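Structure, as C-alpha coordinates:
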Amino acid sequence: MSDGNSEMKHAEQAPEAVVQTKRSFSIIWVVPIIALLIGGWLTFKAMTEKGPVITITFETAEGLEAGKTKIKYKDVEVGKVTAIDLNEDRSGVVVSAEMSPDAKPYLTDKTQFWVVRATVAAGKVSGLGTLLSGAYIGVNPTTEGEKTRHFKGLEKTPLVTEGMPGRHFVLQSRELGSLDLGSPIYYRGIKVGQVVGYDFDEQAESVLIKVFVNAPFHVKVRENSRFWNASGIDMTMDATGIKLNTESLISIMLGGVAFDLRQHDPPGEPAEKNHTFRLYPDKDSSKEETYDVKRYYVMFFDQSVRGLLPGAPVEIKGIPVGEVVSVKLQFDEQKLDFKIPVLIVLEPERLDIVVTESGEIVEGAEKNAEVRETQEGSNLELRAKQLIEKGFRAQLKQGNLLTGQMFVDLDFYSDAPKEAFEKVNGYTVFPTVPAPLEQIVQRVENILGKVEKIPFGKIGQELQATITELNATLKEVKNISGKVNEETIPKVNASLDQLQDTLRGIESTLGPDSALNYNTRQVTSELALAIRSIRSLLEYLERDPQALILGKEGDKK
(Lines give C-alpha, C1' and ligand atoms only; values in the text may rest on other atoms or scores of the structure.)
Protein backbone atom coordinates (compact mmCIF):
# COMPACT_ATOMS: atom_id res chain seq x y z
CA MET A 1 0.00 0.00 0.00
CA SER A 2 2.85 2.15 0.75
CA ASP A 3 4.17 1.29 -2.62
CA GLY A 4 1.01 2.46 -4.26
CA ASN A 5 0.99 5.75 -2.40
CA SER A 6 4.56 6.38 -3.24
CA GLU A 7 3.89 5.78 -6.89
CA MET A 8 0.93 8.09 -6.79
CA LYS A 9 2.92 10.74 -5.04
CA HIS A 10 5.71 10.37 -7.46
CA ALA A 11 3.29 10.73 -10.41
CA GLU A 12 1.90 13.94 -9.00
CA GLN A 13 5.34 15.44 -8.62
CA ALA A 14 6.58 14.59 -12.21
CA PRO A 15 6.48 17.62 -14.72
CA GLU A 16 4.15 17.57 -17.74
CA ALA A 17 5.89 16.99 -21.03
CA VAL A 18 5.54 19.77 -23.64
CA VAL A 19 5.68 18.74 -27.30
CA GLN A 20 7.26 21.33 -29.63
CA THR A 21 7.13 21.12 -33.49
CA LYS A 22 10.32 22.13 -35.20
CA ARG A 23 9.72 24.53 -38.22
CA SER A 24 12.49 24.74 -40.78
CA PHE A 25 12.47 26.42 -44.33
CA SER A 26 12.64 23.92 -47.13
CA ILE A 27 14.80 24.79 -50.10
CA ILE A 28 12.22 23.35 -52.40
CA TRP A 29 10.12 26.52 -52.09
CA VAL A 30 12.82 28.86 -53.37
CA VAL A 31 12.27 28.16 -57.06
CA PRO A 32 8.48 28.68 -57.08
CA ILE A 33 8.81 31.90 -55.15
CA ILE A 34 11.42 33.26 -57.53
CA ALA A 35 9.33 32.22 -60.50
CA LEU A 36 6.29 33.92 -58.98
CA LEU A 37 8.22 37.10 -58.41
CA ILE A 38 9.64 37.09 -61.91
CA GLY A 39 6.21 36.38 -63.39
CA GLY A 40 4.67 39.19 -61.42
CA TRP A 41 7.37 41.58 -62.45
CA LEU A 42 7.04 40.55 -66.09
CA THR A 43 3.28 40.90 -65.88
CA PHE A 44 3.59 44.34 -64.34
CA LYS A 45 6.14 45.34 -66.94
CA ALA A 46 3.99 44.03 -69.77
CA MET A 47 0.96 45.82 -68.43
CA THR A 48 2.79 49.09 -67.97
CA GLU A 49 4.62 48.90 -71.30
CA LYS A 50 1.66 47.73 -73.35
CA GLY A 51 0.28 50.39 -75.67
CA PRO A 52 -3.38 51.32 -75.98
CA VAL A 53 -5.65 49.21 -78.19
CA ILE A 54 -7.70 51.12 -80.76
CA THR A 55 -10.22 50.30 -83.50
CA ILE A 56 -10.26 51.82 -86.98
CA THR A 57 -13.18 51.49 -89.41
CA PHE A 58 -12.46 51.18 -93.15
CA GLU A 59 -14.67 50.41 -96.14
CA THR A 60 -12.45 47.48 -97.12
CA ALA A 61 -9.52 45.48 -95.71
CA GLU A 62 -7.71 45.28 -99.04
CA GLY A 63 -3.98 44.78 -98.39
CA LEU A 64 -4.39 44.47 -94.61
CA GLU A 65 -3.45 41.35 -92.63
CA ALA A 66 -3.77 40.72 -88.89
CA GLY A 67 -0.44 40.29 -87.11
CA LYS A 68 1.58 41.64 -90.05
CA THR A 69 0.26 45.05 -91.15
CA LYS A 70 2.10 47.89 -89.43
CA ILE A 71 0.97 51.37 -88.47
CA LYS A 72 3.62 53.93 -89.40
CA TYR A 73 4.30 57.60 -88.99
CA LYS A 74 7.11 58.97 -91.17
CA ASP A 75 8.14 55.35 -91.87
CA VAL A 76 8.51 54.66 -88.10
CA GLU A 77 6.44 51.82 -86.68
CA VAL A 78 4.04 53.11 -84.03
CA GLY A 79 1.52 50.23 -83.96
CA LYS A 80 0.45 46.90 -85.34
CA VAL A 81 -2.81 45.39 -86.57
CA THR A 82 -4.00 42.60 -84.25
CA ALA A 83 -7.41 41.66 -85.67
CA ILE A 84 -9.71 42.40 -88.59
CA ASP A 85 -13.49 41.86 -88.37
CA LEU A 86 -16.64 42.90 -90.21
CA ASN A 87 -18.74 45.57 -88.56
CA GLU A 88 -22.29 44.90 -87.44
CA ASP A 89 -24.08 45.95 -90.64
CA ARG A 90 -21.32 44.52 -92.86
CA SER A 91 -20.84 47.89 -94.56
CA GLY A 92 -17.15 47.91 -93.72
CA VAL A 93 -14.41 46.36 -91.60
CA VAL A 94 -13.18 47.08 -88.10
CA VAL A 95 -9.41 46.89 -87.66
CA SER A 96 -8.09 46.38 -84.12
CA ALA A 97 -4.57 47.61 -83.54
CA GLU A 98 -2.16 47.91 -80.66
CA MET A 99 -0.32 51.22 -80.54
CA SER A 100 3.00 51.95 -78.87
CA PRO A 101 2.79 53.54 -75.41
CA ASP A 102 4.32 56.75 -76.69
CA ALA A 103 1.36 57.20 -79.04
CA LYS A 104 -1.17 57.49 -76.21
CA PRO A 105 -1.18 61.37 -76.04
CA TYR A 106 -1.88 61.59 -79.79
CA LEU A 107 -4.98 59.40 -79.88
CA THR A 108 -7.60 62.14 -80.26
CA ASP A 109 -10.60 62.61 -82.54
CA LYS A 110 -8.43 64.83 -84.78
CA THR A 111 -5.91 62.06 -85.48
CA GLN A 112 -6.21 60.58 -88.96
CA PHE A 113 -5.63 57.01 -90.19
CA TRP A 114 -5.53 55.79 -93.79
CA VAL A 115 -4.25 52.82 -95.79
CA VAL A 116 -1.14 53.43 -97.90
CA ARG A 117 -1.17 51.53 -101.18
CA ALA A 118 0.55 52.02 -104.50
CA THR A 119 -1.53 54.59 -106.45
CA VAL A 120 -1.20 56.46 -109.73
CA ALA A 121 -3.69 59.34 -109.97
CA ALA A 122 -3.88 63.01 -110.91
CA GLY A 123 -0.38 62.92 -112.34
CA LYS A 124 1.14 61.69 -109.08
CA VAL A 125 2.67 58.33 -108.19
CA SER A 126 2.79 57.32 -104.52
CA GLY A 127 3.22 54.26 -102.32
CA LEU A 128 5.48 52.32 -104.68
CA GLY A 129 7.31 50.84 -101.67
CA THR A 130 4.19 48.91 -100.74
CA LEU A 131 4.53 46.76 -103.87
CA LEU A 132 7.19 44.68 -102.05
CA SER A 133 6.52 45.26 -98.36
CA GLY A 134 2.72 45.30 -98.53
CA ALA A 135 0.22 47.97 -97.55
CA TYR A 136 0.44 49.70 -94.18
CA ILE A 137 -1.70 52.13 -92.22
CA GLY A 138 -0.48 55.70 -92.10
CA VAL A 139 -1.25 58.03 -89.24
CA ASN A 140 -1.24 61.80 -88.81
CA PRO A 141 -1.06 62.29 -85.02
CA THR A 142 -2.13 65.43 -83.20
CA THR A 143 -2.71 66.40 -79.58
CA GLU A 144 -5.71 68.59 -80.47
CA GLY A 145 -9.21 67.33 -79.83
CA GLU A 146 -10.73 64.91 -77.33
CA LYS A 147 -9.28 61.54 -76.33
CA THR A 148 -10.75 58.53 -78.09
CA ARG A 149 -9.98 54.91 -79.00
CA HIS A 150 -12.31 54.58 -81.99
CA PHE A 151 -11.49 56.11 -85.36
CA LYS A 152 -12.93 56.26 -88.86
CA GLY A 153 -10.22 55.71 -91.44
CA LEU A 154 -9.80 57.95 -94.48
CA GLU A 155 -10.28 56.44 -97.91
CA LYS A 156 -7.88 58.94 -99.51
CA THR A 157 -4.34 59.65 -98.44
CA PRO A 158 -4.21 63.10 -96.79
CA LEU A 159 -1.31 65.49 -96.95
CA VAL A 160 0.59 65.44 -93.69
CA THR A 161 1.73 68.89 -92.57
CA GLU A 162 2.21 68.18 -88.88
CA GLY A 163 5.58 69.52 -87.76
CA MET A 164 6.20 71.41 -91.02
CA PRO A 165 6.96 75.15 -90.79
CA GLY A 166 4.03 77.15 -92.04
CA ARG A 167 0.41 77.90 -91.23
CA HIS A 168 -3.05 76.50 -91.97
CA PHE A 169 -5.88 78.65 -93.32
CA VAL A 170 -9.49 77.97 -94.28
CA LEU A 171 -11.15 79.08 -97.53
CA GLN A 172 -14.94 79.32 -97.82
CA SER A 173 -16.54 78.73 -101.20
CA ARG A 174 -19.91 77.82 -102.69
CA GLU A 175 -18.39 74.84 -104.51
CA LEU A 176 -15.14 72.89 -104.64
CA GLY A 177 -14.73 73.15 -108.40
CA SER A 178 -11.61 71.53 -109.79
CA LEU A 179 -9.70 71.77 -106.51
CA ASP A 180 -8.53 68.58 -104.83
CA LEU A 181 -6.01 67.39 -102.28
CA GLY A 182 -2.58 68.58 -103.35
CA SER A 183 -3.83 71.44 -105.53
CA PRO A 184 -1.12 74.13 -105.41
CA ILE A 185 -1.32 77.53 -103.70
CA TYR A 186 0.39 80.40 -105.55
CA TYR A 187 1.67 83.78 -104.44
CA ARG A 188 2.59 85.98 -107.41
CA GLY A 189 3.30 82.92 -109.52
CA ILE A 190 5.36 81.09 -106.85
CA LYS A 191 4.06 77.82 -105.42
CA VAL A 192 3.93 78.38 -101.67
CA GLY A 193 1.53 75.73 -100.40
CA GLN A 194 -1.19 73.24 -101.21
CA VAL A 195 -4.73 72.15 -100.43
CA VAL A 196 -4.63 69.66 -97.55
CA GLY A 197 -8.33 68.95 -97.00
CA TYR A 198 -11.92 70.02 -97.52
CA ASP A 199 -15.28 69.58 -95.85
CA PHE A 200 -18.87 70.79 -96.17
CA ASP A 201 -20.41 73.25 -93.73
CA GLU A 202 -24.05 72.24 -93.32
CA GLN A 203 -25.00 75.41 -91.47
CA ALA A 204 -23.49 77.85 -93.98
CA GLU A 205 -24.21 75.62 -97.03
CA SER A 206 -20.67 76.15 -98.26
CA VAL A 207 -17.46 74.20 -98.83
CA LEU A 208 -14.60 74.71 -96.37
CA ILE A 209 -11.21 74.18 -97.98
CA LYS A 210 -8.21 73.76 -95.70
CA VAL A 211 -4.91 75.00 -97.15
CA PHE A 212 -1.36 75.03 -95.83
CA VAL A 213 1.09 77.81 -96.73
CA ASN A 214 4.73 77.00 -96.20
CA ALA A 215 7.13 79.23 -94.29
CA PRO A 216 8.25 81.95 -94.85
CA PHE A 217 5.37 82.79 -97.20
CA HIS A 218 2.74 82.23 -94.51
CA VAL A 219 3.46 85.75 -93.22
CA LYS A 220 2.42 87.08 -96.64
CA VAL A 221 -1.13 86.01 -95.85
CA ARG A 222 -2.65 89.16 -94.36
CA GLU A 223 -6.06 89.67 -92.82
CA ASN A 224 -7.10 91.64 -95.92
CA SER A 225 -5.58 89.22 -98.45
CA ARG A 226 -7.80 87.95 -101.26
CA PHE A 227 -7.83 84.29 -102.38
CA TRP A 228 -9.20 83.32 -105.79
CA ASN A 229 -9.58 80.15 -107.83
CA ALA A 230 -6.69 80.01 -110.32
CA SER A 231 -7.81 76.79 -112.00
CA GLY A 232 -7.97 76.49 -115.76
CA ILE A 233 -7.57 79.39 -118.18
CA ASP A 234 -9.14 82.79 -117.61
CA MET A 235 -9.94 84.42 -120.96
CA THR A 236 -11.26 87.98 -121.24
CA MET A 237 -12.11 90.01 -124.32
CA ASP A 238 -12.36 93.80 -124.18
CA ALA A 239 -11.41 96.90 -126.15
CA THR A 240 -7.71 96.13 -125.71
CA GLY A 241 -8.02 92.64 -127.20
CA ILE A 242 -8.11 89.07 -125.91
CA LYS A 243 -6.25 88.19 -122.69
CA LEU A 244 -5.38 84.71 -121.40
CA ASN A 245 -4.39 84.31 -117.75
CA THR A 246 -3.25 81.17 -115.92
CA GLU A 247 -0.89 80.51 -113.02
CA SER A 248 0.77 77.40 -114.45
CA LEU A 249 0.24 74.27 -116.49
CA ILE A 250 -0.29 72.33 -113.23
CA SER A 251 -3.15 74.62 -112.22
CA ILE A 252 -4.82 73.93 -115.57
CA MET A 253 -4.68 70.17 -114.96
CA LEU A 254 -5.10 69.87 -111.18
CA GLY A 255 -6.61 73.22 -110.22
CA GLY A 256 -5.05 75.79 -107.95
CA VAL A 257 -5.54 78.79 -105.67
CA ALA A 258 -3.72 82.13 -105.70
CA PHE A 259 -3.69 84.96 -103.18
CA ASP A 260 -2.43 88.51 -102.94
CA LEU A 261 -3.39 91.97 -101.75
CA ARG A 262 -5.46 94.16 -103.99
CA GLN A 263 -3.58 96.92 -105.71
CA HIS A 264 -3.26 100.06 -103.54
CA ASP A 265 -4.49 98.18 -100.42
CA PRO A 266 -2.21 98.67 -97.41
CA PRO A 267 -1.02 95.36 -95.92
CA GLY A 268 -2.96 94.36 -92.82
CA GLU A 269 -1.84 92.27 -89.88
CA PRO A 270 -0.58 88.72 -90.59
CA ALA A 271 -3.51 86.28 -90.46
CA GLU A 272 -3.68 83.89 -87.52
CA LYS A 273 -3.81 80.12 -87.83
CA ASN A 274 -7.08 78.77 -89.32
CA HIS A 275 -8.23 82.26 -90.29
CA THR A 276 -11.17 81.97 -92.70
CA PHE A 277 -11.07 83.73 -96.08
CA ARG A 278 -13.59 83.94 -98.88
CA LEU A 279 -12.54 82.13 -102.06
CA TYR A 280 -13.41 84.25 -105.13
CA PRO A 281 -14.20 82.49 -108.43
CA ASP A 282 -11.51 84.38 -110.38
CA LYS A 283 -8.93 87.13 -110.10
CA ASP A 284 -11.16 89.90 -111.46
CA SER A 285 -13.90 89.25 -108.91
CA SER A 286 -11.31 89.28 -106.11
CA LYS A 287 -10.56 92.91 -106.94
CA GLU A 288 -14.12 94.01 -106.32
CA GLU A 289 -15.29 95.70 -103.16
CA THR A 290 -17.36 93.76 -100.66
CA TYR A 291 -20.48 95.35 -99.17
CA ASP A 292 -22.54 94.42 -96.14
CA VAL A 293 -25.71 96.50 -96.62
CA LYS A 294 -28.10 94.95 -99.16
CA ARG A 295 -31.63 95.97 -100.18
CA TYR A 296 -33.95 93.84 -102.32
CA TYR A 297 -36.45 95.05 -104.94
CA VAL A 298 -38.72 93.30 -107.42
CA MET A 299 -39.38 94.32 -111.04
CA PHE A 300 -42.06 93.04 -113.42
CA PHE A 301 -41.30 92.71 -117.14
CA ASP A 302 -43.76 91.93 -119.93
CA GLN A 303 -41.26 91.29 -122.73
CA SER A 304 -38.89 88.35 -123.16
CA VAL A 305 -36.04 88.17 -120.65
CA ARG A 306 -33.96 85.64 -122.57
CA GLY A 307 -30.31 86.23 -121.64
CA LEU A 308 -31.10 87.68 -118.19
CA LEU A 309 -29.64 85.27 -115.64
CA PRO A 310 -29.05 85.38 -111.86
CA GLY A 311 -25.84 87.30 -111.25
CA ALA A 312 -26.41 89.71 -114.15
CA PRO A 313 -25.38 93.27 -113.16
CA VAL A 314 -27.73 96.08 -112.24
CA GLU A 315 -26.19 99.35 -113.42
CA ILE A 316 -26.70 103.08 -113.17
CA LYS A 317 -25.06 104.92 -116.06
CA GLY A 318 -22.74 101.97 -116.68
CA ILE A 319 -21.62 101.53 -113.04
CA PRO A 320 -22.70 98.33 -111.22
CA VAL A 321 -24.79 98.94 -108.09
CA GLY A 322 -26.19 95.44 -107.59
CA GLU A 323 -27.10 92.22 -109.34
CA VAL A 324 -30.03 90.02 -110.33
CA VAL A 325 -30.97 87.45 -107.69
CA SER A 326 -33.67 85.42 -109.43
CA VAL A 327 -35.83 85.38 -112.56
CA LYS A 328 -39.20 83.63 -112.35
CA LEU A 329 -42.42 83.25 -114.33
CA GLN A 330 -45.82 83.99 -112.78
CA PHE A 331 -49.25 83.09 -114.16
CA ASP A 332 -52.26 85.21 -113.18
CA GLU A 333 -55.24 82.84 -113.09
CA GLN A 334 -57.73 85.72 -112.90
CA LYS A 335 -56.35 87.76 -115.82
CA LEU A 336 -55.02 84.69 -117.68
CA ASP A 337 -51.76 86.49 -118.23
CA PHE A 338 -48.05 85.88 -117.59
CA LYS A 339 -45.67 88.12 -115.67
CA ILE A 340 -41.96 87.87 -115.09
CA PRO A 341 -40.87 89.05 -111.62
CA VAL A 342 -37.14 89.76 -111.40
CA LEU A 343 -35.68 90.03 -107.89
CA ILE A 344 -32.63 92.27 -107.63
CA VAL A 345 -30.35 93.33 -104.79
CA LEU A 346 -28.86 96.81 -104.52
CA GLU A 347 -25.85 97.69 -102.37
CA PRO A 348 -26.16 101.30 -101.13
CA GLU A 349 -22.52 101.36 -100.02
CA ARG A 350 -21.53 101.44 -103.69
CA LEU A 351 -22.95 104.96 -103.92
CA ASP A 352 -20.89 107.98 -102.92
CA ILE A 353 -23.76 110.00 -101.49
CA VAL A 354 -23.39 113.76 -101.06
CA VAL A 355 -25.79 116.57 -100.14
CA THR A 356 -25.81 119.62 -102.42
CA GLU A 357 -27.50 122.99 -102.21
CA SER A 358 -27.24 125.49 -105.08
CA GLY A 359 -24.74 123.19 -106.78
CA GLU A 360 -22.34 123.04 -103.83
CA ILE A 361 -21.68 120.12 -101.47
CA VAL A 362 -22.91 120.83 -97.96
CA GLU A 363 -20.68 119.71 -95.10
CA GLY A 364 -21.63 119.36 -91.46
CA ALA A 365 -22.42 116.81 -88.81
CA GLU A 366 -26.18 116.72 -89.55
CA LYS A 367 -25.71 116.35 -93.29
CA ASN A 368 -22.99 113.74 -92.87
CA ALA A 369 -25.24 111.75 -90.53
CA GLU A 370 -28.00 111.88 -93.16
CA VAL A 371 -25.58 110.59 -95.78
CA ARG A 372 -24.47 107.75 -93.51
CA GLU A 373 -28.09 106.78 -92.80
CA THR A 374 -28.79 106.67 -96.53
CA GLN A 375 -25.71 104.54 -97.18
CA GLU A 376 -26.75 102.15 -94.43
CA GLY A 377 -30.17 101.83 -96.01
CA SER A 378 -32.43 103.43 -93.36
CA ASN A 379 -33.61 106.21 -95.74
CA LEU A 380 -33.61 104.11 -98.90
CA GLU A 381 -37.38 103.54 -98.92
CA LEU A 382 -38.02 107.28 -98.93
CA ARG A 383 -35.32 107.87 -101.53
CA ALA A 384 -36.71 105.08 -103.73
CA LYS A 385 -40.19 106.62 -103.63
CA GLN A 386 -38.80 110.03 -104.58
CA LEU A 387 -36.76 108.56 -107.43
CA ILE A 388 -39.78 106.68 -108.80
CA GLU A 389 -41.87 109.86 -108.73
CA LYS A 390 -39.10 111.61 -110.70
CA GLY A 391 -39.17 108.97 -113.44
CA PHE A 392 -36.50 106.55 -112.26
CA ARG A 393 -37.16 103.29 -114.11
CA ALA A 394 -35.57 99.93 -114.87
CA GLN A 395 -34.94 98.76 -118.43
CA LEU A 396 -33.48 95.58 -119.93
CA LYS A 397 -30.50 96.16 -122.19
CA GLN A 398 -28.18 93.98 -124.23
CA GLY A 399 -24.86 93.44 -122.47
CA ASN A 400 -23.08 91.13 -124.92
CA LEU A 401 -23.98 90.79 -128.60
CA LEU A 402 -22.12 87.49 -128.94
CA THR A 403 -23.65 85.64 -125.99
CA GLY A 404 -26.95 87.52 -125.80
CA GLN A 405 -26.52 88.25 -122.10
CA MET A 406 -28.64 91.08 -120.73
CA PHE A 407 -28.47 93.40 -117.73
CA VAL A 408 -30.78 95.78 -115.87
CA ASP A 409 -30.17 99.48 -116.44
CA LEU A 410 -31.57 102.12 -114.04
CA ASP A 411 -32.09 105.64 -115.36
CA PHE A 412 -34.47 108.60 -115.48
CA TYR A 413 -37.17 108.66 -118.17
CA SER A 414 -39.03 111.97 -118.24
CA ASP A 415 -41.75 110.63 -120.54
CA ALA A 416 -42.37 107.52 -118.42
CA PRO A 417 -45.97 107.13 -117.21
CA LYS A 418 -46.70 107.70 -113.55
CA GLU A 419 -46.45 104.62 -111.34
CA ALA A 420 -47.81 104.04 -107.86
CA PHE A 421 -45.38 103.18 -105.08
CA GLU A 422 -46.29 99.64 -103.93
CA LYS A 423 -44.90 96.49 -102.35
CA VAL A 424 -45.33 92.82 -103.26
CA ASN A 425 -44.45 90.07 -100.76
CA GLY A 426 -42.48 92.59 -98.72
CA TYR A 427 -40.40 93.83 -101.67
CA THR A 428 -40.66 97.33 -103.08
CA VAL A 429 -41.82 97.20 -106.72
CA PHE A 430 -39.50 99.05 -109.07
CA PRO A 431 -41.32 100.28 -112.23
CA THR A 432 -39.96 99.26 -115.63
CA VAL A 433 -40.00 100.59 -119.20
CA PRO A 434 -39.81 98.53 -122.39
CA ALA A 435 -36.42 97.63 -123.79
CA PRO A 436 -35.10 99.80 -126.69
CA LEU A 437 -35.83 97.08 -129.23
CA GLU A 438 -39.26 96.64 -127.74
CA GLN A 439 -39.86 100.39 -128.12
CA ILE A 440 -38.82 100.24 -131.78
CA VAL A 441 -41.19 97.32 -132.38
CA GLN A 442 -43.99 99.24 -130.70
CA ARG A 443 -43.35 102.32 -132.83
CA VAL A 444 -43.31 100.21 -135.98
CA GLU A 445 -46.60 98.67 -134.93
CA ASN A 446 -48.06 102.17 -134.41
CA ILE A 447 -46.87 103.23 -137.86
CA LEU A 448 -48.30 100.10 -139.45
CA GLY A 449 -51.58 100.78 -137.68
CA LYS A 450 -51.73 104.25 -139.21
CA VAL A 451 -50.80 102.87 -142.63
CA GLU A 452 -53.62 100.36 -142.39
CA LYS A 453 -56.07 103.27 -141.95
CA ILE A 454 -55.08 104.78 -145.34
CA PRO A 455 -57.90 104.09 -147.96
CA PHE A 456 -55.67 102.52 -150.57
CA GLY A 457 -58.72 101.16 -152.43
CA LYS A 458 -60.29 104.60 -152.99
CA ILE A 459 -56.91 106.10 -153.86
CA GLY A 460 -56.40 103.36 -156.45
CA GLN A 461 -59.73 104.10 -158.10
CA GLU A 462 -58.98 107.80 -158.29
CA LEU A 463 -55.49 107.06 -159.61
CA GLN A 464 -56.99 104.84 -162.33
CA ALA A 465 -59.32 107.66 -163.39
CA THR A 466 -56.43 110.11 -163.48
CA ILE A 467 -54.39 107.76 -165.67
CA THR A 468 -57.34 107.48 -168.12
CA GLU A 469 -57.55 111.28 -168.36
CA LEU A 470 -53.79 111.49 -168.86
CA ASN A 471 -53.95 109.02 -171.73
CA ALA A 472 -56.57 111.18 -173.45
CA THR A 473 -54.38 114.23 -172.96
CA LEU A 474 -51.41 112.46 -174.50
CA LYS A 475 -53.48 111.59 -177.58
CA GLU A 476 -54.36 115.26 -178.02
CA VAL A 477 -50.68 116.19 -177.69
CA LYS A 478 -49.81 113.72 -180.42
CA ASN A 479 -52.41 115.29 -182.72
CA ILE A 480 -51.01 118.77 -182.06
CA SER A 481 -47.43 117.62 -182.66
CA GLY A 482 -48.54 116.11 -186.00
CA LYS A 483 -50.04 119.41 -187.13
CA VAL A 484 -46.84 121.19 -186.09
CA ASN A 485 -44.85 118.89 -188.35
CA GLU A 486 -47.20 119.32 -191.33
CA GLU A 487 -48.14 123.02 -191.24
CA THR A 488 -45.93 125.13 -188.97
CA ILE A 489 -42.43 124.02 -189.94
CA PRO A 490 -42.78 124.64 -193.77
CA LYS A 491 -44.12 128.15 -193.14
CA VAL A 492 -41.26 128.91 -190.78
CA ASN A 493 -38.73 127.71 -193.35
CA ALA A 494 -40.29 129.95 -196.08
CA SER A 495 -40.16 132.97 -193.78
CA LEU A 496 -36.52 132.32 -193.07
CA ASP A 497 -35.70 132.15 -196.78
CA GLN A 498 -37.43 135.49 -197.38
CA LEU A 499 -35.52 137.03 -194.51
CA GLN A 500 -32.21 135.85 -195.93
CA ASP A 501 -33.04 137.41 -199.34
CA THR A 502 -33.85 140.70 -197.66
CA LEU A 503 -30.60 140.72 -195.77
CA ARG A 504 -28.61 140.07 -198.89
CA GLY A 505 -30.30 143.08 -200.56
CA ILE A 506 -29.51 145.34 -197.67
CA GLU A 507 -25.89 144.23 -197.62
CA SER A 508 -25.47 144.98 -201.35
CA THR A 509 -27.13 148.40 -201.04
CA LEU A 510 -25.22 149.78 -198.07
CA GLY A 511 -21.46 150.47 -198.04
CA PRO A 512 -19.12 148.47 -195.83
CA ASP A 513 -17.71 151.52 -193.97
CA SER A 514 -20.93 153.41 -193.19
CA ALA A 515 -22.39 153.61 -189.70
CA LEU A 516 -25.59 152.07 -191.00
CA ASN A 517 -23.59 149.19 -192.35
CA TYR A 518 -21.84 148.72 -189.01
CA ASN A 519 -25.09 148.78 -187.11
CA THR A 520 -26.59 146.53 -189.66
CA ARG A 521 -23.79 144.04 -189.16
CA GLN A 522 -24.45 144.02 -185.44
CA VAL A 523 -28.14 143.47 -185.96
CA THR A 524 -27.37 140.87 -188.57
CA SER A 525 -25.13 138.89 -186.25
CA GLU A 526 -27.76 138.96 -183.52
CA LEU A 527 -30.41 137.93 -185.94
CA ALA A 528 -28.18 135.13 -187.15
CA LEU A 529 -27.83 133.87 -183.62
CA ALA A 530 -31.57 134.06 -183.13
CA ILE A 531 -32.10 132.24 -186.37
CA ARG A 532 -29.72 129.47 -185.35
CA SER A 533 -31.52 129.15 -182.05
CA ILE A 534 -34.89 129.02 -183.72
CA ARG A 535 -33.61 126.47 -186.22
CA SER A 536 -32.21 124.34 -183.41
CA LEU A 537 -35.57 124.56 -181.62
CA LEU A 538 -37.44 123.61 -184.73
CA GLU A 539 -35.11 120.73 -185.46
CA TYR A 540 -35.57 119.47 -181.89
CA LEU A 541 -39.35 119.85 -182.16
CA GLU A 542 -39.21 117.95 -185.41
CA ARG A 543 -37.39 115.11 -183.69
CA ASP A 544 -39.46 115.24 -180.47
CA PRO A 545 -42.70 117.16 -180.90
CA GLN A 546 -44.11 116.11 -177.53
CA ALA A 547 -41.45 118.25 -175.81
CA LEU A 548 -43.85 121.19 -176.19
CA ILE A 549 -46.07 119.54 -173.57
CA LEU A 550 -43.76 117.36 -171.49
CA GLY A 551 -40.50 119.31 -171.76
CA LYS A 552 -37.02 117.98 -172.48
CA GLU A 553 -35.91 114.54 -171.30
CA GLY A 554 -33.29 116.14 -169.09
CA ASP A 555 -35.98 118.16 -167.32
CA LYS A 556 -37.90 114.98 -166.52
CA LYS A 557 -35.01 113.70 -164.47
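The values are calculated or read from the model by the stated rules, or taken from the named source; none is laboratory data. It should be emphasised that the depicted structure is a prediction, and the values quoted were computed from it without experimental measurement. Neighbour counts run over all protein chains shown; Cβ positions are idealised from the backbone, glycine included.
Of note:
- Of the strands (runs of 3 or more DSSP E) lying entirely inside the range 143-233, those containing at least 3 residues that are modelled with pLDDT of 85 or more and in contact with a Phe, Trp or Tyr (Cβ under 9 Å, 6 or more places away or on another chain) span 166-173, 184-187, 190-201, 206-214, 226-229.
- Some residue of the range 395-411 being assigned by TED's automatic domain parsing to the domain that holds residue 344, in contact with a Gly (Cβ under 6 Å, 6 or more places away or on another chain) and part of a loop (DSSP other than H, G, I, E, B): yes
- Checked against (1) over 47 Å from the mean Cα position of the chain (by Cα); (2) under 23 Å from residue 106 (Cα atoms); (3) touching a residue at least 40 places away in the same chain (Cβ under 8 Å), residue 83 meets all criteria but (3).
- Residue check, residue 311 not hydroxyl-bearing (Ser, Thr, Tyr) and not in a strand (DSSP E or B): yes
- Some residue of the range 247-269 being under 24 Å from residue 144 (Cα atoms), modelled with pLDDT of 85 or more, part of a strand (DSSP E or B) and within 21 Å of the chain's Cα centre (by Cα): no
- Subset of the range 255-274 (residues that are of a type in the set (A, V, I, L, M) and without any contact (Cβ under 8 Å) to a residue 60 or more places away in the chain): 261
- Every pair of residues 6+ apart whose Cβ atoms lie under 6 Å, when the first sits in the range 275-300 and is within 29 Å of residue 328 (Cβ to Cβ) while the second is assigned to a loop (DSSP other than H, G, I, E, B): 291/347; 293/377; 294/347; 295/377; 297/430; 299/430
- Residues in the range 207-222 that are surrounded by fewer than 20 Cβ atoms within 10 Å (Cβ to Cβ) and touching a Leu at 6+ places or on another chain (Cβ under 6 Å): 207 only.
- Within the range 402-429, tally of residues that are among the small types (Gly, Ala, Ser) and in contact (Cβ under 8 Å) with a residue 60 or more places away in the chain: 1
- Pairs are defined by a Cβ separation below 7 Å, a sequence spacing of at least 6 or placement on different chains, a first member in the range 169-184 that is more than 14 Å from residue 212 (Cβ to Cβ), and a second member that is basic (Lys, Arg) and at pLDDT 90 or above; the pairs so defined are 172/278.
- A single member of 110, 72 is in contact with an Asp or Glu (Cβ under 6 Å, 6 or more places away or on another chain) and either modelled with pLDDT of 85 or more or part of a strand (DSSP E or B) (or both), and it is 110.
- Candidates 426, 457, filtered to the one that is exposed (fewer than 12 other Cβ atoms within 10 Å of the Cβ) and at pLDDT 80 or above: 426
- Residue 77 surrounded by 10 or more Cβ atoms within 10 Å (Cβ to Cβ), of a type in the set (D, E, K, R), part of a loop (DSSP other than H, G, I, E, B) and at pLDDT 70 or above: no
- Selected residue (criterion: nearest to the chain's Cα centre (by Cα)) from residues of the range 281-332 that are acidic (Asp, Glu) and surrounded by 13 or more Cβ atoms within 10 Å (Cβ to Cβ): 282
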